[in-house]
Amino acid sequence: MLTLVTATGARPQAWALCERWMAAQTFAGPVRWVIVDDGPEPQPITFRRAGWELVLIRPAPFWRPGQNTQARNLSKGLEAVGRDDVAVLAEDDDHYAPGWLDAVAQNIYRAELIGTPRARYYNIATRIARQLNNAGHSSLCSTAIRGKAIDTMRRICKPGVKFIDLSLWRQHPSKHLFAGDYVTGIKGLPGRGGIGMGHRPEFNGTPDPDFKILRQWIGDDTEFYL
């Protein structure tokens, strides 16, 4: 069984797309999806799939504009994760190819911390695409953990931490990176703003006015972002 952990809130359009990408996953095993929603109003959750269990957590106080509650919310989500679980850190505003969870299941026993390098970021609002050169770590959106890596993640998710993914990959010794273009970090969607560099006004990369690059990356799913 896989356990997904998603921190969300005040992003109804992004969340609706996240539900769509999870519904399209080809992984046939059981999944428990831990959803930590700290938005002032609950996200409209419509997801239903046989073999999937949803666990909803509403931590208080709720998020207010200008706050960064990512670490708090992930910490709350990890309270529902056991030491023997496989936890997949699924972000609510990113695109996941249908084979992502299958790839996690096939690689998670290589190490306690796994993921894919060379992250792909795409800002929908500015139509800017960029592939990063991170060869030694994975972005949080394409990371999965088990065993002692869960304990490492719990220690990292404290107030004030900014770069959870970098800290996790630097601190935990049992780690494995595998190739595959399964995840695209989507930036600039409506609703609560993100905190990563892809959301910033100065984010630069390759202009993609006609969505040609995005179509190369995610295919027909591009239509849901137009």
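The values are calculated or read from the model by the stated rules, or taken from the named source; none is laboratory data. The shown structure was predicted, so the numbers you read here are calculated from the model rather than taken from an experiment. Neighbour counts are summed over all protein chains in view; Cβ atoms, including those assigned to glycine, are modelled from backbone coordinates with ideal geometry. Accessible surface is based on the protein model in full, side chains and every heavy atom, while ligands, DNA and RNA are left aside. Shrake-Rupley method; radii C 1.70, N 1.55, O 1.52, S 1.80 Å.
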Given (1) within 22 Å of I218 (Cβ to Cβ); (2) surrounded by 15 or more Cβ atoms within 10 Å (Cβ to Cβ), index of the condition I45 fails
(1)
State yes or no: is V55 farther than 27 Å from G219 by Cβ, modelled with pLDDT of 95 or more, assigned to a loop (DSSP other than H, G, I, E, B) and aliphatic (A, V, I, L, M)?
no
Counted residues, the range 15-31 - those being more than 23 Å from K187 (Cβ to Cβ), open to solvent by 10 Å² or more (accessible area, probe 1.4 Å) and either in contact with a helix residue (DSSP H, G or I) (Cβ under 9 Å, 6 or more places away or on another chain) or touching a residue at least 40 places away in the same chain (Cβ under 8 Å) (or both)
4
Just a yes or no: is a residue in the range 104-124 part of a strand (DSSP E or B) and of a type in the set (D, E, K, R)?
yes
Give the residues of the range 182-226 that are part of a loop (DSSP other than H, G, I, E, B), at pLDDT 95 or above and open to solvent by 50 Å² or more (accessible area, probe 1.4 Å), sorted by residue number.
Y182, P209, D210
Report every pair of residues separated by at least 6 positions or lying on different chains whose Cβ atoms are under 8 Å apart, first residue within the range 60-77 and in a helix (DSSP H, G or I), second open to solvent by 70 Å² or more (accessible area, probe 1.4 Å) and at pLDDT 95 or above.
S75/R154
Starting from the range 160-179, take each residue that is at positive phi and list its partners that are open to solvent by less than 70 Å² (accessible area, probe 1.4 Å), counting only C-beta distances under 9 angstrom and pairs at least six apart or across chains.
G160/A71
Does V55 meet the test of being touching a strand residue (DSSP E or B) at 6+ places or on another chain (Cβ under 6 Å), among the aliphatic types (A, V, I, L, M), under 18 Å from M1 (Cβ atoms) and surrounded by 17 or more Cβ atoms within 10 Å (Cβ to Cβ)?
no
Open to solvent by 30 Å² or more (accessible area, probe 1.4 Å), modelled with pLDDT of 95 or more and on the phi > 0 side of the Ramachandran plot: is that true of G9 in this structure?
no
Neighbours by Cβ (under 8 Å, 6+ apart or cross-chain): first from the range 129-142, under 19 Å from A103 (Cα atoms); second of a type in the set (D, E, K, R) and crowded, with 20+ Cβ neighbours inside 10 Å
H137/D165; S138/D165; S139/D165; L140/E91; L140/D165; C141/E91; C141/D94
R72 vs. criteria charged (D, E, K, R), closer than 21 Å to L168 by Cβ and surrounded by 16 or more Cβ atoms within 10 Å (Cβ to Cβ)
yes
Pick from the range 133-162 the residues that are open to solvent by 70 Å² or more (accessible area, probe 1.4 Å) and closer than 13 Å to A119 by Cβ: which of them is modelled with the highest pLDDT?
A135
